[in-house]
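What follows is a short report on a single structure.
The values are calculated or read from the model by the stated rules, or taken from the named source; none is laboratory data. From a predicted model like this one, the values you see are computed outputs, not experimental measurements. Counting neighbours? That spans all protein chains shown, and the Cβs are built from the backbone with ideal geometry, glycine included.
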Amino acid sequence: MTPHRRSPRHPLAATAAVMILGLGALPASAQPAPPDGQDPMRRYQELGAQAAKADEDLLESQDRLKTRETERDQATAALGQADSDLTQAQSAIDRFRPQVEAIARSAMNGEQLGNAVLLLDSGSRQEFLDRSSALAVLAGEKANALNGLRDALGKARTARATAAGARETAQLAANDATLALDQVRTRKKDLDTQIAKVREALGDLPSPDRAKLGKVQDKGSYLGPPGAANDALQAALSKRGSQYEWGATGPSEFDCSGLTSWAYKQAGVSLPRTSRQQYTVGKPVPLDQLVPGDLVFYDDGTGDPGAIHHVGMYAGPGKMVDAPTEGQLVDVRSVKGDGHLMGARRIVG
């Protein structure tokens, strides 16, 4: 959900998230970094909100591009098949037409099997008439067959045109998805200078706060009713102390949605990859009716599902377990709205 902690492919490495030192969800601002001199934790949180959203956008853009490229490849294959069918239909007509024309000429003016030959070879006038009639019928059948091939050729041409149109549409969609991905990457790159300020802000934190960044703060037990939701919760809790890693899905490193998807996988439940996708799973739950195992989602304060950038798992009264941001460990933290706790979903039950 947020930038990669070590890999140079993810330059936003210092920020993804939501909960810092158990202070709750990120503040509403998603604007550029606050001016120098502001509380460093506040700066860290605000930059984290921007970076987290950019990272979620990146994951979605990557998934969307992959889908569009698959659709384009399928359309390309369909176009290739349509080209092959069209070639075969044209070849069949080219092979069959001379036969029809030859028989038609024979039936009409006797170029190959003249009436005189038929008469000499026939034992009687009736046999002559029968053979002439049969030849005419054969010519008609061949002509009908040729017409059928022509119809098939017309359909093949139509199918080819349709496939070509679908291929063009799919390519345009893939181009748009590529452009969108490039724009997100550019936005992430533009945030790099602010990430440097985040690192400085971390260095400016009081020593006790800096010490907390690398230690598990809550080692307590949290239990829910027996079932898959509690199994998922226990799986997530078992990962307390694991490092945050952008794009990681376990088993030793996680980003926020990677932790929730991994935990529910241990309980036999499959979840989509990103927090925005996970928000579409299960059923909505009022925030005053949360039970352990429910997922809680955070946005930029707009209430827009497209702005979701973080997810945690409810652990008990006022608490959740999550993978918050680079430099932070998987831990139990406070569930605190601050204008950003958008909603919750019950995955099972």
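Here are some notes:
- In this structure, Arg97 qualifies as closer than 21 Å to Ala156 by Cα, assigned to a helix (DSSP H, G or I), at pLDDT below 75 and out of contact with any strand residue (DSSP E or B) (no Cβ under 6 Å at 6 or more places or on another chain).
- Residue within the range 51-61 that is of a type in the set (S, T, N, Q), at pLDDT 85 or above and in a helix (DSSP H, G or I) present: yes
- Subset of the range 216-230 (residues that are surrounded by fewer than 19 Cβ atoms within 10 Å (Cβ to Cβ) and over 15 Å from Gly282 (Cβ atoms)): Val216, Gln217, Asp218, Lys219, Gly220, Ser221, Leu223, Pro225, Pro226
- Residue satisfying all of: in the range 231-250; under 14 Å from Val321 (Cα atoms) and among the hydroxyl-bearing types (Ser, Thr, Tyr); surrounded by the most Cβ atoms within 10 Å (Cβ to Cβ) among these: Tyr244
- Only a single criterion out of (1) modelled with pLDDT of 95 or more; (2) among the hydrophobic types (A, V, I, L, M, F, W, C); (3) under 23 Å from Glu46 (Cβ atoms) is not satisfied by Val335, namely (1).
- Unmet requirement for Ala201, which otherwise passes all of (1) out of contact with any Lys or Arg (no Cβ under 6 Å at 6 or more places or on another chain); (2) at pLDDT below 75: (1)
- Members of the range 254-266 that are farther than 16 Å from Val332 by Cα and either surrounded by fewer than 20 Cβ atoms within 10 Å (Cβ to Cβ) or charged (D, E, K, R) (or both): Lys265, Gln266
- Scanning the range 307-333 for residues that are among the hydrophobic types (A, V, I, L, M, F, W, C) and part of a loop (DSSP other than H, G, I, E, B) gives Ile308, Ala323, Val330.
- Residue match in the range 22-44 (condition: within 20 Å of the chain's Cα centre (by Cα) and either modelled with pLDDT of 70 or more or more than 21 Å from Gln171 (Cβ to Cβ) (or both)): no
- If you filter the range 275-306 down to residues that are touching a His at 6+ places or on another chain (Cβ under 8 Å) and in a loop (DSSP other than H, G, I, E, B), you find that the one that is surrounded by the most Cβ atoms within 10 Å (Cβ to Cβ) is Asp299.
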